[in-house]
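A.B. asks: This is the structure, below, for whatever I ask next.
The values are calculated or read from the model by the stated rules, or taken from the named source; none is laboratory data. Quantities reported herein were computed from a predicted structural model and do not represent experimental measurements. Here the Cβ positions follow ideal geometry from the backbone for every residue, glycine too, while neighbour counts run over all protein chains shown.
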Amino acid sequence: MTSASVPVAGHRKRPPAAPARPAICDPFLMSITLADARVVTPDGVHDGWLTIEDGRITHVGRGNAPGNGHRLSGRYVVPGFVDVHNHGGAGASFPSGDQEGARRAAGFHAGHGTTTVVASLVSGSHDDLTRAAAALADLCDDGVLAGVHFEGPYIARSRCGAHDPAQLRPPSRSEFAELVKAGRGHARMLTVAAELPGALDVIRDAAAAGVIAAIGHSDATYEQTLAGIDAGGTVATHLYNAMPALHHRDPGPIAALLADERVTVELINDGVHVHPAMVRLAYEVAGAGRTALVTDAMAATGVGDGTYVLGTMEVTVAGGVARLVDGGAIAGSTLTMDVAFRRAVRLVGLSLPEAARITSLTPARILGLDHRIGSIAVGKDADLVVLSEELEVEGVMRRGAWLTEPR
């Protein structure tokens, strides 16, 4: 942190399937039709309707819906957002491993349309990481979380951002195997600096284990980054942030990660981490199929300014911007995915289908879950967000159950 379905290019192996998520309502789900809606699908925005039965989308139609249904008065329906890089919210931090807090954080983000969230840890001791991974794995079993992301400890000291330098260490194949074991099949992603001794072996191990190898917090050269991609790296952890800037004689990791068709790039679209013009540039190069917006949210998200702890580091939030108390490095964000979506449309200039793709379908592909979530299509889970004309969240549905019902 700082931050049509085909497999993501470069993935060597699809991650283990996530456990079936439990229904969030009565065991016998009612059929519901959402009518008079503007439905955002990968091929456009259509005036129409959709029907949900037993938590899945069974029909998507245009024009008037059969019967009455739940009329949305022309509001937009987009797929539920998928956030693959999130450290917490509502005053709770995923790295703490506190299950009650993690549930609260996931619930808060669900209220902002994020129906699938991966819990990101930060660099810590071996014991702290295995303990947190084991605790969060329980919530993955329960369907609250979609997996665990180890952001560190195998990152560059010179680009550690809000990670505790004392907790950084060289990549270890044996330790990584223990972290994966602690996650009980829910380890989803590992961020590693490709230039570190032993990094390529760990990247290969991650790819072989079905864990997404992400390259980030790195001082790697262009060539070292390509070596990491060749070893199995398929994601760029918050592109631009915690890595050297582009230089015409020393392109570094940004050029390698952006240009390689095997890599999907994360972007923190909050206006603090990345200027909208640079989000647009990355999108123009990587395209919707290789661009994923993330929040990199931390505990202050949804709470407000004040002092917080991220891992072992003290963070102060002022004006919604999180920085380390010691040194002032950006320490995650207070972003939610609905804001990232609105910014993508209003400031980056993307269409609604494009914005939906990079906040839902592409991140779902990263996780290997695009057959179930990420777009509005027959057979997929009814994870949906109802948006107003101003793109404000007015309703959220997860697996056919309203978390927030639009009026």
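A.B. asks: (1) of a type in the set (S, T, N, Q); (2) buried (at least 23 other Cβ atoms within 10 Å of the Cβ); (3) farther than 19 Å from SER120 by Cβ: which one isn't true of SER351, the others all being true?
C.D. replies: Failing condition for SER351: (2).
A.B. asks: Would you be able to tell me the number of residues in the range 283-311 that are of a type in the set (A, V, I, L, M) and surrounded by 24 or more Cβ atoms within 10 Å (Cβ to Cβ)?
C.D. replies: Going through the range 283-311 one residue at a time, the tally reaches 9.
A.B. asks: While we're looking at this one, here's another question. So if I check each of ASP370, ASP338, which one is touching a His at 6+ places or on another chain (Cβ under 6 Å) and surrounded by fewer than 24 Cβ atoms within 10 Å (Cβ to Cβ)?
C.D. replies: Residue meeting the stated conditions: ASP338.
This table checks each residue for (1) more than 30 Å from GLY311 (Cα to Cα); (2) in the same structural domain as ARG184 (by TED's automatic domain parsing); (3) modelled with pLDDT under 50.
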residue: ASP26; (1), (2), (3): yes, no, yes
residue: GLY67; (1), (2), (3): yes, no, no
residue: ASN86; (1), (2), (3): no, yes, no
residue: ALA92; (1), (2), (3): no, yes, no
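A.B. asks: May I pose another question? Here is a list: ALA156, ALA194, ALA199. Which entry is assigned by TED's automatic domain parsing to the domain that holds ASN241 and more than 16 Å from VAL263 (Cβ to Cβ)?
C.D. replies: Criteria check complete, one pass: ALA156.
A.B. asks: Next question. Name the residues in the range 338-357 that are of a type in the set (A, V, I, L, M) and farther than 12 Å from ARG280 by Cα, would you?
C.D. replies: VAL339, ALA340, LEU352, ALA356 - these are the residues of the range 338-357 that are of a type in the set (A, V, I, L, M) and farther than 12 Å from ARG280 by Cα.
A.B. asks: Let me ask something additional. Please indicate, with yes or no, whether at least one residue in the range 144-162 is over 22 Å from HIS238 (Cβ atoms) and modelled with pLDDT of 95 or more.
C.D. replies: Yes, the conditions are met somewhere in the range 144-162.
A.B. asks: Tally the residues that are surrounded by fewer than 23 Cβ atoms within 10 Å (Cβ to Cβ) and small (Gly, Ala, Ser), restricting the search to the range 233-280.
C.D. replies: The number of residues fulfilling the criteria is 6.
A.B. asks: Would you please name the residue that is farthest from GLY113 (Cα to Cα), looking only at residues in the range 313-357 that are out of contact with any helix residue (DSSP H, G or I) (no Cβ under 7 Å at 6 or more places or on another chain) and of a type in the set (Ser, Thr, Tyr)?
C.D. replies: Taking the candidates together, the pick is THR316.
A.B. asks: Restricted to the range 144-168, and to residues that are out of contact with any Leu (no Cβ under 6 Å at 6 or more places or on another chain) and surrounded by fewer than 17 Cβ atoms within 10 Å (Cβ to Cβ), which residue is nearest to HIS273 (Cα to Cα)?
C.D. replies: SER158
A.B. asks: Could you run through the range 56-96 and say how many residues are touching a His at 6+ places or on another chain (Cβ under 6 Å) and either part of a loop (DSSP other than H, G, I, E, B) or surrounded by fewer than 18 Cβ atoms within 10 Å (Cβ to Cβ) (or both)?
C.D. replies: 1
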